[in-house]
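Have a look at the structure below, then the notes.
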Amino acid sequence: MTSDQITQYERDGFLVLPNFVSYAACDRLKARAEELVREFDPAGIVSIFSTREQTRTSDDYFLESGDKIRFFFEENAFNSDGALRQSKEQSINKIGHALHDLDPAFDEFSRTNQIQQLVSDLGIENPLLLQSMYIFKQPRIGGEVTCHQDATFLYTEPLKVVGLWFALEDATIDNGCLWAIPGGHKAGLKSRFMRAESGGTRLEVFDDSPGRKITCNRLK
């Protein structure tokens with residue numbers, strides 16, 4: 001990275017690096033994700049991913065997925081009788097959360113020399129891969145991804161979590177791209193997602209002012 005890029009990253013809290021990953025690498029990962037979905041049998045599994053009501057929708061299937069590969073559906077993916085409204089391939093919200101450790105294709109993608117150099121340039125000492133997700137932006141289905149900070153869900157002491165997001169297809173404001181608020185990383189943690197002592201989860205809110213990182217809605 002250049003000194004100007006590092007300065008911009010430290011100022012804004014994010015940085016866009018065009019063509020960081022080759023088209024071939026993107027295509028290989030897309031093909032592998034499609035293969036995983038084809039092999040996935042959703043019988044008996046109805047786990048919905050939502051950032052709006054995560055304390056309600058976070059079931060054991062989700063909470064115990066840190067060392068597994070699991071599949072999470074879009075909001076409104078199912079009819080009242082439990083049947084999918086559309087094909088399985090167009091109903092999955094994301095795959096997570098240990099793809100980088102358990103799947104060879106994601107392992108290869110996640111541990112390149114380029115990524116090692118990138119995190120080194122960012123001053124990250126002893127980097128640890130904590131979580132990986134493959135997120136779909138399905139047409140005509142899915143809920144709003146609300147304003148949030150990654151550290152709400154991936155809390156560390158001190159706060160050192162850094163997210164690397166790879167657009168495997170062209171990402172624009174018309175098809176569900178990522179949005180961020182410049183400088184939001186300097187304003188402190190807004191909330192923390194925690195396991196509740198009585199079971200389930202709870203959200204401890206420190207600051208309820210407008211969010212500092214947002215992702216645009218999917219097209220309907």
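The values are calculated or read from the model by the stated rules, or taken from the named source; none is laboratory data. Because the structure is a prediction, the values reported are computed rather than measured. Cβ placement follows ideal geometry from the backbone for every residue including glycine, while neighbour counts extend to all protein chains displayed.
Summary table
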| read-out | value |
| --- | --- |
| Extreme residue, surrounded by the most Cβ atoms within 10 Å (Cβ to Cβ), among residues of the stretch 137-166 that are farther than 21 Å from Arg202 by Cα and in contact (Cβ under 8 Å) with a residue 60 or more places away in the chain | Gly142 |
| Residues (under 17 Å from Asp107 (Cβ atoms), charged (D, E, K, R) and either assigned to a loop (DSSP other than H, G, I, E, B) or touching a residue at least 40 places away in the same chain (Cβ under 8 Å) (or both)) located in the stretch 28-43 | Arg28, Lys30, Arg32 |
| Some residue of the stretch 51-58 being of a type in the set (Ser, Thr, Tyr), in contact with a Ser or Thr (Cβ under 8 Å, 6 or more places away or on another chain), at pLDDT below 95 and not in a helix (DSSP H, G or I) | yes |
| Conditions (1) over 17 Å from the mean Cα position of the chain (by Cα); (2) more than 30 Å from Glu64 (Cβ to Cβ); (3) among the polar types (S, T, N, Q): number failed by Asn126 | (2) |
| Total residues in the stretch 1-25, condition out of contact with any helix residue (DSSP H, G or I) (no Cβ under 7 Å at 6 or more places or on another chain), over 26 Å from Pro104 (Cα atoms) and hydrophobic (A, V, I, L, M, F, W, C) | 2 |
| When residues of the stretch 64-82 are limited to those that are touching a strand residue (DSSP E or B) at 6+ places or on another chain (Cβ under 7 Å) and in contact (Cβ under 8 Å) with a residue 40 or more places away in the chain, the one farthest from Met133 (Cα to Cα) | Ala77 |
| Which numbered condition Ala180 fails, given (1) under 19 Å from Gln131 (Cα atoms); (2) of a type outside the set (Lys, Arg); (3) modelled with pLDDT of 85 or more | (1) |
| Residue that is farthest from Arg28 (Cα to Cα) [pool: residues in the stretch 178-200 that are part of a loop (DSSP other than H, G, I, E, B) and touching a strand residue (DSSP E or B) at 6+ places or on another chain (Cβ under 8 Å)] | Ala196 |
| Considering residues of the stretch 83-99 that are within 15 Å of Tyr134 (Cα to Cα) and touching a helix residue (DSSP H, G or I) at 6+ places or on another chain (Cβ under 7 Å) only, the residue surrounded by the most Cβ atoms within 10 Å (Cβ to Cβ) | Leu99 |
| Residues of the stretch 124-177 that turn out to be touching a Leu at 6+ places or on another chain (Cβ under 9 Å) and of a type in the set (Phe, Trp, Tyr), as a count | 4 |
